[in-house]
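Okay, structure first, notes after.
The values are calculated or read from the model by the stated rules, or taken from the named source; none is laboratory data. These numbers come from a predicted model, not from an experiment. We place every Cβ from the backbone using ideal geometry, glycine too, and count neighbours over all the protein chains shown.
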Amino acid sequence: MIAAAEHEHPPIPEIKCIGVVGAGQMGAGIAQVAAQSGFDVQMLDVNQERLDAALAHIKRGFSRLVQRDALSEADAAHALERIQTGLDYAIFHDCELVVEAASENEQLKRKIFESVVAAVKPDALIATNTSSISVTRLAAATDRPERFIGMHFMNPVPRMQLIEIIRGIATQEDTYQAIKQVAEKMGKVSVTAEDFPAFIVNRILLPMVNEAVYTLLEGVGNVESIDTAMKLGANHPMGPLELADFIGLDTCLAIMQVLYEGLNDSKYRPCPLLAKYVEAGWLGRKTKRGFYDYRGEVPVPTR
């Protein structure tokens, strides 16, 4: 019965053009890697200034690669030419794959998928870059759950090798194989994660970050001592509070809430201090203040 159902859908098209929803840090990174890998890219955002900033960021990324002899000037120029931007979902009409990379907010993502499915062809694939939300639930908000999949890139996308691939309950095998091939063409290593809250990386990483905030709240150590202890004591390249600022404290809180509600286990309860920072609008690097203050030349701990 399953095999027969799969034949009701047109075959997976060859993926040549990738649409990206969102021109933030993740969206820009995905667009850069896709273009560098030979895909045409259509990047959408609701704000032209963010699109312009994303293109400038991508251009700087290519320039750094050229300076390190990791990319030729000609290849960098061609990759940049492959990226087009727009404010209207109609730009996705010819895309065989659209990757959503918006904020970690389920209602926002659902609205985005309504617009995406109205713009793309019937055989197009849709992927979400969600770091924690149920892929099955998001897929159910579209007209093609069998062609929907989780494609969780790591931040910063150009430098991080991993992509978590998450199948929803309806995701078909040909969709999964097509996305694995896209990841491989991008030069990434993919791992398959089951559709449980926060998947693999964030299921392990974010509780550590949350525990570091509890350690700060309880006065076990200050910001500097906690980060130094984990960098030198556990050989982490970045302390957990520094990492939280890099990820975005609002994103950290959203992932912990998904874990807490999805797994119904008190060990995932978000730290009240993390919530307080988010309420203050101190979200980390993107707002210049979080566990560190980034408004000066050197980051200064805020506690």
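Here is how the numbers come out for the structure above:
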| quantity | calculated |
| --- | --- |
| Within segment 210-250, tally of residues that are under 24 Å from Ser134 (Cβ atoms) and outside any helix (DSSP H, G or I) | 1 |
| Scope segment 75-93; condition assigned to a helix (DSSP H, G or I) and closer than 16 Å to Val33 by Cα; matching residues | Asp75, Ala76, Ala77, His78, Ala79, Leu80, Glu81 |
| Members of segment 108-155 found to be crowded, with 22+ Cβ neighbours inside 10 Å, in contact (Cβ under 8 Å) with a residue 40 or more places away in the chain and polar (S, T, N, Q), listed by number | Asn129, Ser131, Ser132 |
| Meets criteria (more than 17 Å from the chain's Cα centre (by Cα), closer than 30 Å to Ala54 by Cα and of a type in the set (Gly, Ala, Ser)) for Ala229 | no |
| Identity of the residue in segment 11-47, over 19 Å from Ala178 (Cα atoms) and assigned to a helix (DSSP H, G or I), that ends up farthest from the chain's Cα centre (by Cα) | Gln32 |
| Single match in Glu100, Glu104 (criterion: touching a Ser or Thr at 6+ places or on another chain (Cβ under 6 Å), at pLDDT below 95 and surrounded by 20 or more Cβ atoms within 10 Å (Cβ to Cβ)) | Glu104 |
| Qualifying residue in segment 98-110 (condition: of a type in the set (Asp, Glu), farther than 30 Å from Pro240 by Cα and either assigned by TED's automatic domain parsing to the domain that holds Gly27 or within 17 Å of the chain's Cα centre (by Cα) (or both)) | no |
| Phe291, sole failed condition from (1) closer than 15 Å to Leu205 by Cβ; (2) surrounded by 23 or more Cβ atoms within 10 Å (Cβ to Cβ) | (1) |
| Boolean, Gly284 is modelled with pLDDT of 95 or more and over 20 Å from the mean Cα position of the chain (by Cα) | no |
| Any chance Arg50 is more than 20 Å from the chain's Cα centre (by Cα) and not polar (S, T, N, Q) | no |
| Sole residue being more than 20 Å from Met160 (Cα to Cα) and either surrounded by 16 or more Cβ atoms within 10 Å (Cβ to Cβ) or not assigned by TED's automatic domain parsing to the domain that holds Pro158 (or both), chosen from Leu55, Leu71, Leu44, Leu65 | Leu44 |
| Lone unmet requirement of (1) within 23 Å of Val201 (Cβ to Cβ); (2) buried (at least 16 other Cβ atoms within 10 Å of the Cβ); (3) in contact (Cβ under 8 Å) with a residue 40 or more places away in the chain; (4) of a type outside the set (Gly, Ala, Ser) for Leu283 | (3) |
| Output for segment 95-115, where each listed residue is of a type in the set (A, V, I, L, M, F, W, C) and either more than 24 Å from Gln257 (Cβ to Cβ) or not in a helix (DSSP H, G or I) (or both) | Cys95, Leu97, Val98, Val99, Ala101, Ala102 |
